[in-house]
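First comes the structure, then the notes that go with it.
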Amino acid sequence: MGEPFKFDVTFENGSYKIKNGRDLCLEFEFIEDEDDGGTVLHISKIFKCSDNMPLTRKVINLIEEMAKSIPAPPWSRIKYIKLEDGSSIHVCTVDIDLRYLKILTTGESWYNSFGYKSVNHDANVEHNAVIINKPMDELLPELYDQEYIEEFKSLFPELSTELTVNEYVTAMTKEVPKSGTRSCTEEQENKAELLFNLVHSIGRSGMLEYDFRLQKMVERGASRAGGKRNKRSRRNQRSKRNKSKKRSRRTN
């Protein structure tokens, strides 16, 4: 395991800000949920923290651990973490919409994979599965004219448009540099730009359904502790019954 993260926490203008040096990592505030009266930790901004600290599962886990332990308004504990998904990745010269890229390649968004979901999540996944399993040669004419479609065949000649949208876009991602890459060859830039345009066009077309208002219930492990207490209680009861039986036999 690596070194633990070390952050500075400040409270400014009603919001908590967590920074890594001068880099803003996270900004959030506490909001009362009018529906059930619980406290919500609402994430308004979330960043990589620095080029050396990518936004990974470790950072998400840190946020969730913080939600369990951070001092919240005294009338309740935090029940949900809520955020609005505006995630993107920078590749070469473009910022690709990570929400739709992940839906195209995995069926769910990046935050969905951590359990952050909208109330319409299941319906969205079912709808999007139909889109991403269409043949690519059916989808492209819905977005572009034939001249632009030739760009795909020119830059990705090894990819057949008979592949599904899911298969084709996944293969495209393997042909472009990793997220965060800024120094690229001309060919890499052209491929990254074409991927950007495809994801952007699909997202703008409304083909995919995705509610970017996400939430996740905070898990505290109280049930595990309760389970341990119940086990101890049952053991104590069995012990008392055994002692009672022994005393009864001695009396007889």
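Summing Lys, Arg as +1 and Asp, Glu as -1, what charge do residues with Cβ under 11 Å from the Cβ of GLU151 carry, GLU151 excluded?
Here the count lands on -2.
Among the listed pairs LYS19/LYS191; LYS117/LYS153; LYS134/LYS191, give every one whose C-alpha distance is greater than 31 Å.
The answer is LYS19/LYS191; LYS117/LYS153.
Give, as ranges by residue number, the residues of the stretch 170-212 whose backbone N falls under 17 Å from the point 7 Å along Cα→Cβ of VAL130.
205-211
Which percent of Cα-Cα pairs in the stretch 85-211 sits in each 10 Å bin, short to long?
13, 46, 33, 8, 0
Counting other Cβ atoms within 10 Å, keep those with at most 11, restrict to DSSP loop, and tell me which trypsin sites (Lys or Arg not before Pro) in the stretch 149-211 are left.
LYS174, LYS178, ARG182
Working out 0.36 nm times the residue gap between TYR148 and THR181, then minus their Cα-Cα distance, what length gain in nm do you get to one decimal?
So the extension gain works out to 9.3 nm.
Here, each number is a calculation from the coordinates, and none is a lab measurement. Computed from a predicted structure; not experimentally measured. Cβ atoms come from the backbone with ideal geometry, glycine included; neighbour counts cover every protein chain shown.
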